[in-house]
Every structure is written in C-alpha cells, then in structure tokens.
Amino acid sequence: MPSRRITQPIRQRMLHLRRSILALCVLTVIALWGVIFYALHIEWMIRLEEEKVALIRHASVTSGKIHDSLVDASKILDAVRTAIEKQISVASPDRRQAYEIIRTVIDNFSIYNSGDTLGLLLYLDKNGFLTAQSGVYPSTAYDLTERGYFRSLRDDPSRKFSIGKMRTAITTGKRVFH
C-alpha cells in the first residue's frame, strides 16, 4: 500500500500550484472588474455625449423661440406705444382706456397668438405706478419705481425698450424678464 505521506517536494509543488491558481483567479477577477469598469466608463461617456448633443439642440430651439417671442413682443410694444401716444396727444388715458388700448392691440396682433401666450403687458405712468396690464381690469396700482427697467427708461427717455433681470413678478408670482 502506498504511503499516505506526501513527500516534501510534491507538497511544495502543490502549494506552489495552489498559489499560482489563486493568483490567476485574483488576476482574472481584477481583469474582469477592470473591463467592466472600462465598459461602464465608455457607456457613460457615450451617454454623456448624447445628452450634451440633446441639450445643445434644446438650447438652440429654445433660443429660436425666445428670439421669436422677443420679435413678437417688440411689435406689440411698438403697436401699444403708438396707440397710447396717439391717445396721449388728445388726453392722458385713464386706467380703463389704457387697459382697452392694450387689450385691443393684443387681440388684433395675430390670429396665431393669444394674450396668454404673449405674456403680461404693463403700462406704467410717468411716476412708475402700474396703470393698466393685459388681461386684468382694474389692475392694482403697484409702485414699480425701483425696477431697473423703469429707471433706465426714466433716466434715458430716448430709449425705446429696456430688459430687466429675471425675477419673480409681483403681479403673477412667476419668474419673468421685464
């Protein structure tokens, strides 16, 4: 019967073989994790690039819509200003007349737009108090003298328009540019 005793050189080879197998397993697991992390990184970068392209596309569309809205707004403002100036040449409009001028211009502006989609149009008196606004009659006489757009127009009467910083409107509670 062969001896159950394993000789020392065989035992050392088996131990060396076990260590080699364990090292190969560890290296294989490390390599697999490396490949998995690399694949996840590549997937992340691809998705990041796709999102970047989508954001650029959305920003471009939004920019076009904002441009179109500003063009529409400038046309409405010109039409309202012309109508108000015509009324002022006769007599300063009261709150009802100012409201009617704004409402009529907005109603006649375009068949594609409604007063809701065009936003809020305000008419301030020379002292900075709200006289009339689109869609609301009678409007509360808010004091808007601290607003940058009012001050810039008051301080430079040759200016036709002024755009203020984004803020929460006291009339609607929405974030707006004035």
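Taking all protein chains as they are arranged and a probe of 1.4 Å, the heavy atoms of Leu153 leave approximately 60 Å² accessible to solvent.
A full extension of the chain between Glu85 and Arg154 corresponds to an added length of 23.2 nm, given 0.36 nm per residue minus the alpha carbon distance.
Summed over the residues of the chain and divided among them, the accessible surface reaches 78 Å² per residue at a probe radius of 1.4 Å.
Taking every full run of DSSP H in the chain, the ones that stretch at least 18 Å from end to end by Cα along their long axis and average -1.0 or higher on the Kyte-Doolittle scale are 8-90, 95-109. Would you grab the residues whose amide H sits under 5 Å from the one on Thr131? Only those 5+ places off in sequence or on another chain, please, with H modelled 1.01 Å from N. Amide H neighbours of Thr131, under 5 Å, 5+ apart: Tyr123, Leu124, Asp125. A Gaussian network model of the chain, with springs between Cα atoms under 10 Å, assigns the largest mean-square fluctuation among Val105, Val71, Val90 to Val90. Accessible surface for His67 stands near 110 Å², nearest 10, in the context of the full protein assembly shown (1.4 Å probe). Phe177 contributes about 140 Å² of solvent-accessible surface, heavy atoms of the protein only, 1.4 Å probe.
Shown are Ile42, Ile84, whose ranking by accessible area with a 1.4 Å probe and every protein chain present, most to least, is Ile42, Ile84.
Between Ile163 and Asp143, residue separation times 0.36 nm minus the direct Cα-Cα distance comes to 5.4 nm.
Share of carbon and sulfur in the accessible area of the chain stands at 62%, probe radius 1.4 Å.
Every Cα-Cα pair of the chain was included, and the share exceeding 22 Å stands at 65 percent.
Each label point was placed 7 Å from the Cα along the Cα-to-Cβ direction; for Arg18 and Asp107 their separation is 9.6 nm.
Comparing Phe150, Phe37, Phe109 in a Gaussian network model of the chain, where Cα atoms under 10 Å apart are tied by springs, the biggest mean-square fluctuation is seen for Phe37.
The values are calculated or read from the model by the stated rules, or taken from the named source; none is laboratory data. As the structure is a computational prediction, the values presented were derived from the model and not from experiment. For neighbour counting, all protein chains shown are included, and Cβ atoms are generated from backbone atoms with ideal geometry for every residue, glycine included. Protein only, heavy atoms only, side chains kept; ligands, DNA and RNA dropped before computing areas. Shrake-Rupley method; radii C 1.70, N 1.55, O 1.52, S 1.80 Å.
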